[in-house]
Amino acid sequence: MDTLRENAFYFFKTMVAVPVALLVLFWISLCPVSCKESDGGISFLRVEGCPSITSFNVTSASSFRISFDRVVNVQKASLRVIGKEIKQPLQVNSKSDGCDVDFLFSEPTVMGQSYALDAVVVDAHSNSLTVSLPFTSYNEHLAKLAICEVRNAYSSKTKKCEFIRLYCLESGNLSGLEVVSAGDGEEKKYAFPPIDIKKGQSVTVHLRKIRDSDGNEIENGMIDEVNGNITEAYATDASSSSWDFWVDTTKSRIAPSDILILRDNGRHKICDAFLFVDPKKESTSWEKKYLPFERAVAESGTWVDSYGKASASYSSAFVADGITNSAVTRTMIKSKPSHLPSSASDWSVKRKK
């Protein structure tokens, strides 16, 4: 009986299992893999074998470059205006190695407008990747800003809320600039409107609106100064020498310990950063969700430790003594906004009325 079973198993293995396995492998070799990018562009679902994006950036008002991990051919590509049914086919230029692909627009993009580049590419083995990358139009006259003051406290009684203030080091336009914090995450980033700003002026992002329980604004003057009038807003913390903008939410913003980043969305470049920690919190490292932000800041070199070395470690952050989520009379201020890269020694806690 045992001999009969062994013979039957041998027959199955040689006559059935092996041919089926070979047939499956042959089928896989003939059928290319297809992948699709997510709408977010930077994070995406990949199937093993598909081409992968290594980097992408807006190179001018009329061009966009994507770098891949291998030589690819573009099957089709188009540019669309987000929120509108407007699409235009794109001309494609590939470098000699085929890994860097330049997409050329028939018409220049409009300052401040949001777009998405859609494309399908294939590699030499017919593995395809469907791409959809959102971006803000290229800003040829980008303003140079630096984070100079931060408050992470809120009081409905005094009508004071969290804000980030930035100082203009070089005149230009704000389009393409955005601020994001590790505590709030990417989904709560703030993108600046296309406003011209002059050197010496400041920009204040008020991180919530003061509303009652029914959602009605309980303070006048919370006006986004998008019409070219720097004196239009007159709510608490607004200033006639600062461009004021409000985030339309009532939720708290900025964590007790946080990493704040100012970046150029079009060029995928971090322009400035501010790291601070709550001394009451017994920790020696950032929370897990902060790690991508820590890594990005460290690689950008926009924050340095006490030795002047590029860093974004917890120990290199400014220790915010006296700062709590209710201490609205205190802000964290940078002594010299023009001093870049920034470090903890540039910052202090100031008491205000």
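The values are calculated or read from the model by the stated rules, or taken from the named source; none is laboratory data. None of the values given here were measured: they were computed from a predicted structure. Cβ coordinates were reconstructed from backbone atoms using ideal geometry, including for glycine residues, and neighbour counts include every protein chain displayed. Note: areas computed on protein heavy atoms with side chains; ligands, DNA, RNA excluded. Shrake-Rupley method; radii C 1.70, N 1.55, O 1.52, S 1.80 Å.
Tabulated results
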item	result
Interchain or long-range residues, amide H under 5 Å from LEU142's placed H	ASN173
Shape of the stretch 165-250, Cα gyration tensor, a/c cut at 1.5	oblate
Inter-part distance where the stretch 76-130 and the stretch 314-353 are each reduced to a Cα centre, Å	43
Cα gyration tensor shape for the stretch 246-330, rounded if a/c is under 1.5, else prolate or oblate	oblate
Three-way shape label, the stretch 285-353, alpha-carbon gyration tensor, a/c 1.5	oblate
Residues whose placed amide H lies under 5 Å from that of ARG330, excluding near-sequence neighbours	LYS352
Nonlocal amide H pairs with ASN57, under 5 Å, H built at 1.01 Å	ARG65
Whole-number percent relative contact order across the stretch 81-188, with pairs defined as alpha carbons under 8 Å at least 6 apart	19
Peptide ranges 246-252, 298-304 listed from the most packed, as the mean C-beta count within 10 angstrom indicates	298-304, 246-252
20 Å Cα-Cα threshold exceeded, pairs from LYS188/LYS209; LYS189/LYS280; LYS209/LYS251; LYS288/LYS336	LYS189/LYS280; LYS288/LYS336
Karplus 3J(HN,Hα) series, Hz, for the stretch 272-281 with 6.51 cos²θ - 1.76 cosθ + 1.60 (x for Gly, Pro)	6, 8, 9, 10, 9, 10, 7, x, 6, 8
Where TYR154, TYR115, TYR307 fall by accessible area, highest first, once all protein chains stay in place (1.4 Å)	TYR307, TYR154, TYR115
ARG330 - accessible surface, heavy atoms, 1.4 Å probe, Å² rounded to 10	80
Descending Cα extents along the principal axes, the stretch 126-188, whole Å	62, 29, 15
Computed accessible area, ILE82, all protein chains, 1.4 angstrom probe, square angstrom	70
Solvent-accessible area of SER241 with every protein chain in place, 1.4 Å probe, in Å² to the nearest 10	70
3J(HN,Hα) from dihedral phi, the stretch 140-152, Karplus parametrisation 6.51/-1.76/1.60, rounded to Hz, x for glycine, proline	7, 10, 6, 6, 9, 10, 9, 5, 10, 7, 9, 10, 10
Selection from PRO51, THR109, GLN91 lying farthest towards where the dipole of the stretch 43-194 points positive, charges on Cβ	THR109
